[in-house]
Amino acid sequence: MDLTAVRTFVTVAEVGQFQDAATDLSITQQAVSKRVAALEKDLGVRLFTRTARGAQLTIDGQAFLPHARALLQAEERAGASVRAGRRALRVDVINYRIGPAVLLRAFHQAHPAIDLDVVTLPNVDAAIAAIRSGTIDASFRAVPAPARQLTDGIEAVRVLDDAHQLLTGPHHALAGARAVTPTELRGHRIWMPGIVPGTEWGTYYDDLAAAFGLTIDGIGPNFGTDHLLDVLIDSTTLATLVGENTRMLWPAHYDLRRIPVQDPTPVYPHALIWRRDNPHPALAALRDHLAATRPEPGVDTWAPAWAR
């Protein structure tokens, strides 16, 4: 159905004159008549009768009027749903507990009027494909340094170096340490059942293990964070690595320890990825916020060569 003709019909019905409708719509009276005639032909009914007092709705016109208004309202809602600044900004993170999710929460607190739609995609390749297709607006991922200028107008900038901490139970050999070095972690089993082979974070932890001679494995089913914490409580041999900005809660009697890893501090290099021609104003606001709030990188840190 021609919504231009529908809008013309509604205008005539509201003002009661073809000439007045033409003035309101900034078209000629002849154009108004042609649009209404085309709509009547399409519907197979007469919508108006002309009288000395102007255009009067027929019974069919009266029946059609509320539906015509609903059509125009639907058109407005449809346009508003994708109009720049009206649609929620859709951003991908690896999961909802780690540093990028914390950054997004801080952005939301600073800009509460901006709607956010936070999603999780399986890996960086899926995230870049979704950015390229327009399914999402941005993603927080680790990407190789040469890919800061990606193909097809995709860009990336490093926004967070998330320092690692060792998470242990109270009976672990390193539980009493104030800090540990990567070298001191050699010989200790670091259990990370959430590592997915072939992902960018899987590659990161493979490189970390190779750089410092660490034993990092994802053996065993991944039943989630709560199960991981339950295992660590009583273990004397198992520990895991978490980001400094990772939000984790547990009952006080678990007595788990978060121990900084230093000299050097391994950091996970989170980057924001987006498409250069994306016009969403909230994306520009997010980039400005991240640039203004990014902490200074540490002087004694380690990241894989591909992220430097």
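The calculated FRET efficiency for the pair ARG258 and TRP306, based on their C-beta separation and a Förster distance of 25 Å, comes to about 0.35. Share of pairwise Cα-Cα distances greater than 21 Å in the stretch 153-302 is 51 percent (whole percent).
Charge dipole (Cα centre; +1 on Lys/Arg Cβ, -1 on Asp/Glu Cβ; no other charges) of the stretch 1-158 amounts to roughly 180 debye. Going by neighbour counts of Cβ atoms within 10 Å, the residues GLU200, GLU76, GLU155 line up, fewest first, as GLU76, GLU155, GLU200. Can you classify the stretch 5-54 as rounded, prolate or oblate using the Cα gyration tensor, where a ≥ b ≥ c are the square roots of its eigenvalues, rounded means a/c under 1.5, and otherwise it's prolate if a/b beats b/c and oblate if not? Verdict is oblate for the stretch 5-54.
A P(r) calculated from all alpha carbon pairs of the chain, with 10 Å bins opening at zero, reads 5, 21, 21, 14, 11, 9, 8, 7, 3, 0 percent. A simple packing score, the average count of other Cβ atoms within 10 Å per residue, orders the peptides 202-211, 291-300 as 202-211, 291-300, with the highest score first.
The alpha carbon gyration tensor of the stretch 98-178 gives principal lengths a ≥ b ≥ c with a/c of 1.5 or higher and a/b greater than b/c, which makes the shape prolate.
The long axis of helix 124-133 is offset from the longest Cα principal axis of the chain by roughly 20 degrees. Between the C-alpha center of the stretch 151-188 and that of the stretch 270-289 there is a gap of 28 Å. Considering only THR236, THR183, THR11, give the residue with the highest GNM mean-square fluctuation for the chain, with springs between Cα atoms whenever their separation is below 10 Å. Of the options given, THR11 has the highest mean-square fluctuation. Between ALA21, ALA88, ALA285, the GNM of the chain built on Cα springs shorter than 10 angstrom shows ALA21 fluctuating the most.
Every number in this text was worked out from the coordinates using simple rules, so none of it is lab data. Computed from a predicted model, the values in this text were never measured in an experiment. As a convention, Cβ positions derive from the backbone with ideal geometry for all residues, glycine included, and neighbour counts pool all protein chains shown.
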